[in-house]
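The next block holds one structure in the form of structure tokens; read it before the comments.
The values are calculated or read from the model by the stated rules, or taken from the named source; none is laboratory data. Source: prediction; values computed, not measured. Counting neighbours? That spans all protein chains shown, and the Cβs are built from the backbone with ideal geometry, glycine included.
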Amino acid sequence: MESVASAFGRAVAAHREAVSHVEAARARLRDRAGEAGVSAQVREEARGFAAGMQRLAEGLTPGWLGCRLDGAAVDLPTGVDAVPGRPLAVRLGEASPVAGSVFGVVVPFVGAGHLAVDSDARDPLVARWLRGLLLRVLAALPDGALRVAAVDGATLGAVFGPFRAMIEAEAWSRPAIDLPGFQQVLTEAEERIERVQAGEADPSVLLVCAAALPEGAGRTEWSRLAAIAHAGPRAGVFLLLAGYPPPQHPGLDAAPRLEATTHLTAAGGGLFAVSDPPGPYRFSDDGTGLAVPVRLDAGLPDDLVETVCRRLAKSARAQASTDFAALMPAEIWQESSVGGLRTVVGRAGRADCVLALDDATPHWL
């Protein structure tokens, strides 16, 4: 199977070729404005390249990662479109180089880097898009592979309301809604990074998803986000941030630009400019990013998000439940008991909970 990186590289190469052809066609149009048929030629070339880009985008984003978020999506199988530990690409929305030509815009995300949009979820368009993108990743990865640390500093957690089944199943914690809660989320991400750097294996993904930064967040929190953006991908920690970077106030420092991050910047009219993504492949040679703005996908209606999440929450509950047979080892105890006995008595997340019966703890109550 072709890797995401090589396929994305082909898509970027096609984008650059499309840009060069369209710009050449536009130049011909300017030079020969009085001649008939040139504008039709420009449109036809743009349609052809957009169709090619669309085919590449569809190949990069199977199932939930690139489907239309409509009623038909609810029936798609979950947990089969992405593999933990491998980069996944995800659809952001659509771009239209000229009228009548449209292609899906795809960027690498979990497993490769982060996403940030400079408008927060107080904008209904951004709120719907954020929920849709979160659902894409949640439904694409296998059950239990994604843990979400949600932050909503603007609407008291309402943005994540359609995902309440995941919270009730204790698969997610409740969204942080204030500065202390946000700081605790940052601490959770930092501790995960430190554990992995110390050699602990953790195959799951931790996604810090912020619908809006809370009031009072400033340089300290921005610096922590920047450090997480730098070290997170190697430890399975990724960021999905709405409202970052925050507006710069006169006389104050601007928030740092995050490493390994695709930045979306509001361009007016409901369109967003897309920066060059993380990794070796760039949309542009000069750092300007995608040549055409993107119109963000609208997410599923809330009731359909709830339907999918109830299904995923049911699987999460089943995974979290542990019976005696599941705790039995493949082989009975074969080691010396001189130093004591140890046995698995339960599980905390994906980790075994082991109790010892030895000189230090000779009794169990």
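Some values worked out for this structure:
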read-out	value
Filtered residue count, the stretch 40-82, keeping only those that are more than 15 Å from L138 (Cα to Cα) and not charged (D, E, K, R)	17
Counted residues, the stretch 86-102 - those being surrounded by fewer than 23 Cβ atoms within 10 Å (Cβ to Cβ), among the charged types (D, E, K, R) and either at pLDDT 95 or above or in contact with a Ser or Thr (Cβ under 6 Å, 6 or more places away or on another chain) (or both)	1
Single unsatisfied condition, A318 versus (1) at pLDDT below 75; (2) exposed (fewer than 10 other Cβ atoms within 10 Å of the Cβ)	(2)
Test result for A226, in a helix (DSSP H, G or I), surrounded by fewer than 22 Cβ atoms within 10 Å (Cβ to Cβ) and at pLDDT 95 or above	yes
Single condition T61 does not satisfy, out of (1) crowded, with 21+ Cβ neighbours inside 10 Å; (2) farther than 19 Å from V205 by Cβ	(2)
Residue in the stretch 66-79 that is in the same structural domain as G289 (by TED's automatic domain parsing), surrounded by 23 or more Cβ atoms within 10 Å (Cβ to Cβ) and out of contact with any Gly (no Cβ under 7 Å at 6 or more places or on another chain) present	no
Restricting the stretch 196-237 to residues that are without any contact (Cβ under 8 Å) to a residue 12 or more places away in the chain and out of contact with any Leu (no Cβ under 9 Å at 6 or more places or on another chain), the residue that is nearest to L138 (Cα to Cα)	A201
The stretch 338-365 - residue that is among the small types (G, A, S), at negative phi and modelled with pLDDT of 70 or more and, of those, surrounded by the fewest Cβ atoms within 10 Å (Cβ to Cβ)	A360
Test result for R26, under 28 Å from H114 (Cα atoms) and either at pLDDT 70 or above or part of a helix (DSSP H, G or I) (or both)	no
